[in-house]
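Just below is one structure, and these are the notes that go with it.
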Ligand code: SAM
Ligand code: SF4
């Protein structure tokens, strides 16, 4: 049964509003030595404390800011190397009983066209995505009784079952409403990867204003949503804030306190952190003119600081952002991006003139998957569709990359090269193939066990799929 809401003590959450303001005040005008010490701590792979994060947030001096960017780039290169994991969002349905003022799907929006994919339409969407070369999806749902845990689980099963030739989806992550523990268990059974919930804003009074109706109006139910996911045995959870709703420094602090809470309660922090900025949404005035609009410069700064603050998490940057900015921000420690995204419901398989009216918001980056891959290759990144850890039962993959010395070289780089080779052989144009093969050749010089990696690449060339370490 679908449970709308359940009360939790909203007075004592793990987001200490007053303490956050105090820390942001106390750490103003930080001195250089202090900042460099903090950067050093992060480069030594330590998660930062709230006061240290507040100190970085207060850096304004351009030279010192450059040190922050430099440290974020170094951390990313040193720990994670040059892989970028690719995925696509798949919107299943936009019925919604909430009224989030910034979202095109909100219940009171009469301008949006409501649509839930039938299972047949879902199969067509998946076929279209698989035919482009996708292996990883994030499925997205409005909040509505019809999107019960059973329905969500069924849609995920259908996605895994839908194959096209050699191609298939190998990891489905979920962005849906917070569930009960029992609800999560049902969804987990379908074999999901990460369950994502964005708190939108960690600032409770603002949250209350922006979520006036429906189950989402309960701040604490959402805040503890991923605790329940973990209690249900979902190991990989993703947190996020929607930037533009409130003071961005406060939101970064909120993400850090959320991380610390998960670490303290479950011994492991979030698998991923997302930092979407508000985009224009049909029928939502506030989305065109967000009350706390974040500039590109501040956006870059906040991405670098999140990278440094929680060195072990994956960081997701979506096509909400324009291509040029994405290229720039990628360097600051992002590990996953979407490619070839289309967020109009049903719009992967059909070109739909009503697309915008079926979309939650308007995308900033409309490059195809192949264009994104070409751009990544030209910049020296390895585009990766790797799902090896998940498929080998190694949950918390990002943590292993971080915690086990040599893990990236031994496992991640070869696995990224294998999935790139599959992509090149099955889906790429001649131009992309050339770029890709050249990159693989260059990377082979650097891998540990070159002979074995080459053998696996040969297996792929002779038609075998899903080979992995
Ligand atoms: N309905 C579920 C929920 O709200 O958690 C899951 C799906 S919701 C469509 C996914 C996320 O989209 C939200 O958590 C929010 O952060 C983001 N979002 C909503 N409106 C947006 C906008 N105008 N621009 C950018 N992101 C937006
Ligand atoms: Fe519904 Fe999610 Fe949009 Fe809010 S953000 S209106 S819950 S789809």
*When you go through 335, 342, 368, 349 one by one, which is the residue that is touching a residue at least 12 places away in the same chain (Cβ under 8 Å), in contact with a strand residue (DSSP E or B) (Cβ under 6 Å, 6 or more places away or on another chain) and within 19 Å of residue 87 (Cβ to Cβ)?*
335
*How many residues are touching a strand residue (DSSP E or B) at 6+ places or on another chain (Cβ under 9 Å) and more than 11 Å from ligand 1 (Cβ to nearest atom) if we restrict to region 81-108?*
9
*Name every residue in region 435-457 that is surrounded by fewer than 12 Cβ atoms within 10 Å (Cβ to Cβ) and closer than 24 Å to residue 370 by Cα, in order of residue number.*
438, 441, 442
*Does residue 112 count as within 15 Å of ligand 1 (Cβ to nearest atom) and modelled with pLDDT of 95 or more?*
no
*asked:* Whether any residue in region 130-152 is away from ligand 2 (no atom under 16 Å from the Cβ), assigned to a strand (DSSP E or B) and buried (at least 19 other Cβ atoms within 10 Å of the Cβ) is what I want to check.
replied: yes
*Under 6 Å by Cβ, and 6 or more places apart or on different chains, what pairs join a residue from region 421-436 that is free of Cβ contacts under 8 Å to residues at least 24 places away in the same chain with one that is crowded, with 18+ Cβ neighbours inside 10 Å and in a helix (DSSP H, G or I)?*
424/436; 433/424
*Could you please find all residues in region 297-318 being touching a strand residue (DSSP E or B) at 6+ places or on another chain (Cβ under 6 Å) and in contact (Cβ under 8 Å) with a residue 60 or more places away in the chain?*
313, 314, 316, 318
*If you scan region 191-226, which residues turn out to be surrounded by fewer than 20 Cβ atoms within 10 Å (Cβ to Cβ) and in contact with a strand residue (DSSP E or B) (Cβ under 6 Å, 6 or more places away or on another chain)?*
198
*residue 363 is checked against (1) in contact (Cβ under 8 Å) with a residue 60 or more places away in the chain; (2) touching a strand residue (DSSP E or B) at 6+ places or on another chain (Cβ under 9 Å); (3) not in a helix (DSSP H, G or I) and fails just one. What number does that condition carry?*
(2)
*Residues in region 283-316 that are within 21 Å of the chain's Cα centre (by Cα) and part of a helix (DSSP H, G or I): how many?*
15
_Every residue from region 69-104 that is within 9 Å of ligand 2 (Cβ to nearest atom), at pLDDT below 95 and surrounded by fewer than 20 Cβ atoms within 10 Å (Cβ to Cβ)_ = none
*Only residues that are surrounded by 13 or more Cβ atoms within 10 Å (Cβ to Cβ) and out of contact with any helix residue (DSSP H, G or I) (no Cβ under 6 Å at 6 or more places or on another chain): list them for region 44-54, please.*
45, 46, 47, 49
*Somewhere in region 230-249, is a residue in a helix (DSSP H, G or I), without any contact (Cβ under 8 Å) to a residue 40 or more places away in the chain, in contact with a helix residue (DSSP H, G or I) (Cβ under 8 Å, 6 or more places away or on another chain) and more than 16 Å from ligand 2 (Cβ to nearest atom)?*
yes
_Residue among 438, 464, 422 that alone is in a helix (DSSP H, G or I), more than 26 Å from the chain's Cα centre (by Cα) and farther than 21 Å from residue 78 by Cβ_ = 438
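Residues checked against (1) assigned to a helix (DSSP H, G or I); (2) more than 16 Å from residue 248 (Cα to Cα):
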residue	(1), (2)
40	yes, yes
47	no, yes
56	yes, no
67	yes, yes
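The values are calculated or read from the model by the stated rules, or taken from the named source; none is laboratory data. Everything quoted here is computed from the prediction, not taken from an experiment. Counting neighbours? That spans all protein chains shown, and the Cβs are built from the backbone with ideal geometry, glycine included.
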